[in-house]
Amino acid sequence: MKKAIICGGSIGGLFAAAALRKSGWQVDVFERTEIELSGRGAGIVTHDVLIEALRAIDITTDDLGVYVKDRTAYDKNGNELLRLPFPQIVTSWDRIHSLLRASHPNEHHHLGRAAIGYRQEQNKAIAILDDKTEIEADLVIGADGFGSNIRAQMLPNVKSISSGYVVWRALANESDLSEEVRSDVFKTFGFFVPTGSQIIGYPIAGIGNDLREGRRRYNFVWYIGVEADELKDMLTDNNGNYYSVSIPPPLVRDDVMKRFTETAHRILPANFAEILEKSEMPFFTPIYDHHSPIMGYGNVGLVGDAACVARPHVGMGVTKAACDALCLAKSLDNFSNIPDALAAYSEERVAASARAHYRARDLGATIFVDPEGGNEDGSRNPNLHEIVSTTATIVI
């Protein structure tokens, strides 16, 4: 039985583990956090490709999420500007992760073990952990996110680049919202798109994947531009410690949260303002992106965000990781030589990832385009139809 080491126990790593196990590999997953991962309830838009990928690795898709029928754009006064029929299932990061995690044997899942690099040797690779342990395998896969140590060693010139804006996220309980919001905004995939900012939101399951009416939650996502100096300030805690990539939510300073709240009250329509006001503690993350020119070399490969981060506008992070995993397993089945298999995998998935990467950048750029001016209330966005019809749609 061939042996694989997966560096990273997030969704991409678990998808790769499941696909390889189904192909007969022994797979061990090493995750740097000491407790099981949680996505803080972050929403995920599903695609038919993702549902098919879950079924391909024998994961149930029953009760996957909330079904929404339409996409609706609003102006500052809450007036409906555009409604498009767009049936889709929206779910949460936690739901997908829990399904994948349940499929992976506990004895092959190792928490608190971070991969810091690897060593390529003839016909094998060796994963190097942060406690200096070295683990030999036929295949080492970097699934350790956009700050991947495996990618940093394989492709030191590929760096994550800041987009110039951040995303604020929050969750509101359906039961806490007014009847007006529950009967209108809550049921749809909603948009508010003034120049320099963008709101999207949609319903997802409640805690424990509760899909009953009144028990669900609303996933609130707000993209807003920030200057470099402002971002640096936002990433600095009360003790003056600067976090170069992302600050842990509990360490965000009170004055940063106050500015966020004041900006929200000034910009948001009343319906989205209510959702935010009734939400659990909002948190923000800067938006970065990168694209690797190769996704495998020798006996070492990359999957998911370790290989390519497409900005969240395309809603492709989980689907892209799933497609990576299935393509990886297929290539390894088709070639007896692992380096040849990884080369074939890389050729297919680099091109597919590039499509998501560049499409996401194009969608992100629409946040700041205002050729005619006067779109402070979101009613005259020249890209409104494109944004509503192409956000979180399949591109690979």
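Looking at (1) of a type in the set (S, T, N, Q); (2) within 23 Å of Leu54 (Cα to Cα); (3) touching a strand residue (DSSP E or B) at 6+ places or on another chain (Cβ under 9 Å), which is the only condition Asn381 fails?
(2)
Does any residue of segment 136-150 turn out to be under 19 Å from Cys308 (Cβ atoms) and surrounded by fewer than 17 Cβ atoms within 10 Å (Cβ to Cβ)?
To start, the set of residues in segment 136-150 that are under 19 Å from Cys308 (Cβ atoms) comprises 140-150.
After this cut, where a residue has to be surrounded by fewer than 17 Cβ atoms within 10 Å (Cβ to Cβ) as well, the list is 147.
Yes, there is a match, as at least one residue in segment 136-150 is under 19 Å from Cys308 (Cβ atoms) and surrounded by fewer than 17 Cβ atoms within 10 Å (Cβ to Cβ).
Do we find a residue being of a type in the set (D, E, K, R) and either closer than 19 Å to Ser379 by Cβ or surrounded by 17 or more Cβ atoms within 10 Å (Cβ to Cβ) (or both) anywhere in segment 172-180?
Within segment 172-180, the first condition is being of a type in the set (D, E, K, R), and the residues that meet it are 174, 176, 179-180.
This time we only want the ones that are either closer than 19 Å to Ser379 by Cβ or surrounded by 17 or more Cβ atoms within 10 Å (Cβ to Cβ) (or both), so: 174.
Yes, that holds for at least one residue.
Among the residues of segment 208-222, is there at least one that is at positive phi, outside any helix (DSSP H, G or I), within 25 Å of the chain's Cα centre (by Cα) and modelled with pLDDT under 95? Steps first, please.
Let us first name the residues in segment 208-222 that are at positive phi, namely 208-209, 214.
Imposing the further condition that a residue be outside any helix (DSSP H, G or I) reduces the set to 208-209, 214.
Next, only the ones that are within 25 Å of the chain's Cα centre (by Cα) stay: 208-209.
From what's left, modelled with pLDDT under 95: 208-209.
Looking through segment 208-222, at least one residue is at positive phi, outside any helix (DSSP H, G or I), within 25 Å of the chain's Cα centre (by Cα) and modelled with pLDDT under 95.
With Val49, Val27 as the choices, which residue is assigned to a strand (DSSP E or B) and either over 17 Å from Phe146 (Cβ atoms) or basic (Lys, Arg) (or both)? Break it down stepwise before answering.
On the way: Val49 fails: assigned to a strand (DSSP E or B).
Residue meeting the stated conditions: Val27.
Of the residues in segment 1-24, how many are of a type in the set (A, V, I, L, M, F, W, C) and either without any contact (Cβ under 8 Å) to a residue 60 or more places away in the chain or part of a loop (DSSP other than H, G, I, E, B) (or both)? Outline the logic, then answer.
Step one: of segment 1-24, the residues of a type in the set (A, V, I, L, M, F, W, C) are 1, 4-7, 11, 14-20.
Cutting the leftovers down to either without any contact (Cβ under 8 Å) to a residue 60 or more places away in the chain or part of a loop (DSSP other than H, G, I, E, B) (or both) gives us 1.
Of the residues in that region, 1 qualify.
Only one of Arg217, Arg212 is surrounded by 13 or more Cβ atoms within 10 Å (Cβ to Cβ) and of a type in the set (Lys, Arg); which? Working first, answer last.
Details: Arg212 fails: surrounded by 13 or more Cβ atoms within 10 Å (Cβ to Cβ).
Of the residues listed, the single one that is surrounded by 13 or more Cβ atoms within 10 Å (Cβ to Cβ) and of a type in the set (Lys, Arg) is Arg217.
Yes or no, residue by residue, for (1) modelled with pLDDT under 95; (2) out of contact with any Gly (no Cβ under 8 Å at 6 or more places or on another chain):
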{"site": "Met1", "(1), (2)": "yes, no"}
{"site": "Glu31", "(1), (2)": "no, no"}
{"site": "Glu36", "(1), (2)": "yes, yes"}
{"site": "Asp63", "(1), (2)": "yes, yes"}
{"site": "Val66", "(1), (2)": "no, yes"}
{"site": "Gly78", "(1), (2)": "yes, yes"}
{"site": "Trp93", "(1), (2)": "yes, no"}
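Any residue at all in segment 310-326 that's in a strand (DSSP E or B) and either assigned by TED's automatic domain parsing to the domain that holds Gly13 or not acidic (Asp, Glu) (or both)?
Looking only at segment 310-326, we keep the residues that are in a strand (DSSP E or B), and these are none.
Checking segment 310-326: not a single residue is in a strand (DSSP E or B) and either assigned by TED's automatic domain parsing to the domain that holds Gly13 or not acidic (Asp, Glu) (or both).
Can you pull out every residue in segment 233-268 that is over 24 Å from the mean Cα position of the chain (by Cα), loosely packed, with under 15 Cβ neighbours inside 10 Å and among the β-branched types (Val, Ile, Thr)?
Residues satisfying the conditions are Thr261, Thr263.
Between residues in segment 107-123 that are in the same structural domain as Gly8 (by TED's automatic domain parsing) and aromatic (Phe, Trp, Tyr) and residues that are at pLDDT 95 or above and assigned to a strand (DSSP E or B), which pairs lie under 7 Å by C-beta distance while being six or more apart or on different chains?
Listed by first residue and then by second, the contacts come to Tyr118/Ala125; Tyr118/Ile126; Tyr118/Ala127; Tyr118/Ile128; Tyr118/Val140; Tyr118/Val300.
Touching a His at 6+ places or on another chain (Cβ under 9 Å), aromatic (Phe, Trp, Tyr) and either crowded, with 17+ Cβ neighbours inside 10 Å or in contact (Cβ under 8 Å) with a residue 12 or more places away in the chain (or both): which single residue out of Tyr223, Tyr202 fits that description? Break it down stepwise before answering.
Values: Tyr202 fails: touching a His at 6+ places or on another chain (Cβ under 9 Å).
Only one candidate passes the filter, namely Tyr223.
Are there any pairs, at least 6 apart or on different chains, whose C-beta atoms fall under 6 Å, with the first in segment 265-284 and of a type outside the set (Lys, Arg) and at pLDDT below 95 and the second part of a helix (DSSP H, G or I) and exposed (fewer than 15 other Cβ atoms within 10 Å of the Cβ), and if so, which?
Pairs that qualify, where the first residue is of a type outside the set (Lys, Arg) and at pLDDT below 95 and the partner is part of a helix (DSSP H, G or I) and exposed (fewer than 15 other Cβ atoms within 10 Å of the Cβ), are Phe283/Pro249.
Just one of the numbered conditions (1) surrounded by fewer than 18 Cβ atoms within 10 Å (Cβ to Cβ); (2) in the same structural domain as Arg215 (by TED's automatic domain parsing) is not true of Arg55; which one?
Status for Arg55: all satisfied but (2).
Does segment 69-107 hold any residues that are part of a strand (DSSP E or B) and among the aromatic types (Phe, Trp, Tyr), and which are they? Full working, then the answer.
If we filter segment 69-107 for residues that are part of a strand (DSSP E or B), which is where we start, we get 69-74, 80-92.
Of everything in segment 69-107, those that are part of a strand (DSSP E or B) and among the aromatic types (Phe, Trp, Tyr) turn out to be Tyr74, Phe86.
Of all residues in segment 270-310, how many are of a type outside the set (A, V, I, L, M, F, W, C), within 20 Å of Gly39 (Cα to Cα) and surrounded by 23 or more Cβ atoms within 10 Å (Cβ to Cβ)?
Here the count works out to 2.
Could you tell me whether any residue of segment 174-187 is closer than 21 Å to His313 by Cβ, within 24 Å of the chain's Cα centre (by Cα) and touching a residue at least 60 places away in the same chain (Cβ under 8 Å)?
Checking segment 174-187: at least one residue is closer than 21 Å to His313 by Cβ, within 24 Å of the chain's Cα centre (by Cα) and touching a residue at least 60 places away in the same chain (Cβ under 8 Å).
The values are calculated or read from the model by the stated rules, or taken from the named source; none is laboratory data. None of the values given here were measured: they were computed from a predicted structure. No Cβ is skipped: glycine too gets one built from the backbone with ideal geometry, and neighbour counts run over all protein chains shown.
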